[in-house]
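Each remark here refers to the structure printed beneath this line.
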There are 2 protein chains.
Amino acid sequence: MGDFEFDAATALDGEGPSYDLRIPGGWGAETVNGGFMLALLTRAMDAVTPFPDPIVISGLYLRPAQPGPAQIRTELIRAGRTTAFAQASLWREGKESLRASAAFSDLSTASGPGFTVGAAPALPPPDECVGMEPASARGISIAERFEYRYAETPGWIQGSPTGEPSAEFYMRFRDGREPDMASLPLIVDAASPAVLEIGIERVTTIELTVHLRARPAPGWLRCRTATRFLSDGYHEEDFEAWDSAGTLVAQSRQLAIVLR
Amino acid sequence: MGDFEFDAATALDGEGPSYDLRIPGGWGAETVNGGFMLALLTRAMDAVTPFPDPIVISGLYLRPAQPGPAQIRTELIRAGRTTAFAQASLWREGKESLRASAAFSDLSTASGPGFTVGAAPALPPPDECVGMEPASARGISIAERFEYRYAETPGWIQGSPTGEPSAEFYMRFRDGREPDMASLPLIVDAASPAVLEIGIERVTTIELTVHLRARPAPGWLRCRTATRFLSDGYHEEDFEAWDSAGTLVAQSRQLAIVLR
């Protein structure tokens, strides 16, 4: 899949467990996107674990990072019979930027009960929705990697935040790459924060946890973001991604803080 | 606070950064409660960080643990100007059971915007609610450490699951200890799983992330648990704890799997 931007940007050379790499430009805003860094570490952890599917990934954001030379260090914590656990860290200029851990399993052999409360976002067909042109993203390069489609233009884009910190929209890679387990850790952090709709402009992630539930079917993802509790600038941001077959594929939550 | 069970059970002797301890009985079911182990590691991380409040804690459950001799190893990852990051692991019989990481800050000096969607569970006064007697907990020793009060007796206790995987209830330590930042990581994992109401009896935690938003006021906590997505046995369990002043103090999510 090296013809796609995401795969080229997250390719790791060498055998591991440590890697030298270059964090490319174009995957962030003022700093490198947190989900992009988490996807990099998930790819590195995947290489040291015997199961194909990251089912839960948690990352602690220690320092913002800029594009440039970097190192990844990985550790296989435990490989059990059905679940394996790994840790990885991303270093930039001798300083640790992100520490992540994950559990891996094989969802193709998973079996057990199912039950769903709630449903995918109800949206008109993508062709009847409005896009968010890259120009609207105001220098946020990560937004140029994706297409977003909303039932109506979000209030914050028009300078009129709705007062409701939530959103539903379609999302896909702009270059045609299909979603998969490797790219979902990026996708859950690559949309506009829900708090833009209550007039907040800049936030940064402290911790991000992603649950991956199923390998996504090709096509548009239906996504939902929401913040319910903002206290002294601290807030959670929840993200759900549903695939074109109507299956919840990712559910994430981050703790973020408002920047002034 | 050594007169209370929780403080005696989580006391750490010595200077750190590593500790020898004995995991006491009475804080779990078939195995030691995951939230109890996370509270142990949070206490150990607190000892190596310069800020008083754990604002986010994430734990990866590698192996179940039984009571008995154990070791904790801690690492201060980074101490920044307003936030510090630490990691800790719990070892039992030479094997790692839990690896956790956390960010600490000082919430007494936090300032920033606030906004809330939703509210604390609406419940009758505690005296008009029904309790869950320890006998109902069927050998689940962790339930003997707490009092729970429900508006109505939960369906699963009566052998008639409601079919709705959610619950609202009061909760407090049975011995009169007040809730605080140290005990919240235990409290969020010490109530009955919401999936009991859809007929599922045994689950185990893979990962648990806890956001702590405020130091709780004394008194009963109002709590809410819910599971929305159960797929092939994997499911999230969300937990909210609101203090007696009506403030959200903890919000947690775990990825768990159904056991047969």
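The values are calculated or read from the model by the stated rules, or taken from the named source; none is laboratory data. The structure displayed is predicted, hence computed values, not measured ones. Quick reminder, even Gly has a Cβ in these numbers, built from the backbone with ideal geometry, and neighbours come from all protein chains shown. In case anyone asks, the SASA skips ligands and DNA or RNA and just uses the protein heavy atoms, side chains included. Shrake-Rupley method; radii C 1.70, N 1.55, O 1.52, S 1.80 Å.
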Next item on the list: Please specify each residue of region A:107-127 satisfying the condition of being within 11 Å of another protein chain (Cβ to nearest Cβ), assigned to a loop (DSSP other than H, G, I, E, B) and not small (Gly, Ala, Ser).
Entry: A:113, A:117
Check: Considering only residues of region B:2-19 that are exposed (fewer than 12 other Cβ atoms within 10 Å of the Cβ) and of a type outside the set (Gly, Ala, Ser), which is modelled with the highest pLDDT?
Finding: B:13
Notebook entry, point to check: Just to be sure, is residue B:178 more than 18 Å from residue B:53 (Cα to Cα), out of contact with any strand residue (DSSP E or B) (no Cβ under 6 Å at 6 or more places or on another chain) and not small (Gly, Ala, Ser)?
Noted result: no
Check: Any idea which residue in region A:93-106 is nearest to the other protein chains (Cβ to nearest Cβ), counting only those that are touching a Pro at 6+ places or on another chain (Cβ under 9 Å) and open to solvent by 30 Å² or more (accessible area, probe 1.4 Å)?
Finding: A:106
Next item on the list: Take region A:29-61 and flag every residue that is closer than 18 Å to residue B:206 by Cβ, buried (at least 18 other Cβ atoms within 10 Å of the Cβ) and not aliphatic (A, V, I, L, M).
Entry: A:42, A:46, A:49, A:51, A:53, A:54, A:58, A:59
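Test residue B:204 against the criterion of being under 15 Å from the mean Cα position of the chain (by Cα) and open to solvent by 30 Å² or more (accessible area, probe 1.4 Å), and give yes or no.
In short, yes.
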Next item on the list: Return yes when residue A:189 is open to solvent by 20 Å² or more (accessible area, probe 1.4 Å) and over 28 Å from residue B:210 (Cβ atoms) and no when it is not.
Entry: no
Check: Taking region B:62-86, which residues are open to solvent by less than 20 Å² (accessible area, probe 1.4 Å), part of a strand (DSSP E or B) and facing chain A (nearest Cβ under 8 Å)?
Finding: B:85
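If a residue has to be over 21 Å from the mean Cα position of the chain (by Cα), more than 14 Å from every other protein chain (Cβ to nearest Cβ) and of a type in the set (Ser, Thr, Tyr) to count, how many in region A:128-166 make the cut?
Total satisfying the criteria: 2.
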Checklist line | Residue check for residue A:26: open to solvent by less than 10 Å² (accessible area, probe 1.4 Å) and farther than 21 Å from residue B:101 by Cβ | finding: no
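Per-residue answers, yes or no, for (1) free of Cβ contacts under 8 Å to residues at least 24 places away in the same chain; (2) touching a helix residue (DSSP H, G or I) at 6+ places or on another chain (Cβ under 6 Å):
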site: A:7; (1), (2): no, no
site: A:11; (1), (2): yes, no
site: A:25; (1), (2): no, no
site: A:28; (1), (2): no, yes
site: A:36; (1), (2): no, yes
site: A:46; (1), (2): no, no
Check: So which residues in region A:128-143 are in a loop (DSSP other than H, G, I, E, B) and of a type in the set (D, E, K, R)?
Finding: A:133, A:138
Next item on the list: Considering only region B:167-178, state which residues are in contact with a Leu (Cβ under 8 Å, 6 or more places away or on another chain) and within 14 Å of chain A (Cβ to nearest Cβ).
Entry: none
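Quickly run through region B:167-178 and pick out the residues that are open to solvent by less than 60 Å² (accessible area, probe 1.4 Å) and in a strand (DSSP E or B).
B:167, B:169, B:170, B:171, B:173 - these are the residues of region B:167-178 that are open to solvent by less than 60 Å² (accessible area, probe 1.4 Å) and in a strand (DSSP E or B).
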Next item on the list: Give the residue that is most open to solvent (accessible area, probe 1.4 Å), with candidates limited to residues of region A:144-163 that are within 16 Å of residue A:223 (Cβ to Cβ) and assigned to a loop (DSSP other than H, G, I, E, B).
Entry: A:152
Margin query: Need the failing condition index for residue B:117 against (1) buried (at least 20 other Cβ atoms within 10 Å of the Cβ); (2) more than 17 Å from the chain's Cα centre (by Cα); (3) of a type outside the set (Asp, Glu), just the number.
Written below: (1)
Note to self: Suppose we filter region B:30-61 for residues that are assigned to a helix (DSSP H, G or I) and either modelled with pLDDT under 95 or of a type in the set (Val, Ile, Thr) (or both); how many remain?
What the structure shows: 2
Check: Within region B:213-257, restricting attention to residues that are closer than 17 Å to residue B:193 by Cα and polar (S, T, N, Q), which residue is most open to solvent (accessible area, probe 1.4 Å)?
Finding: B:231
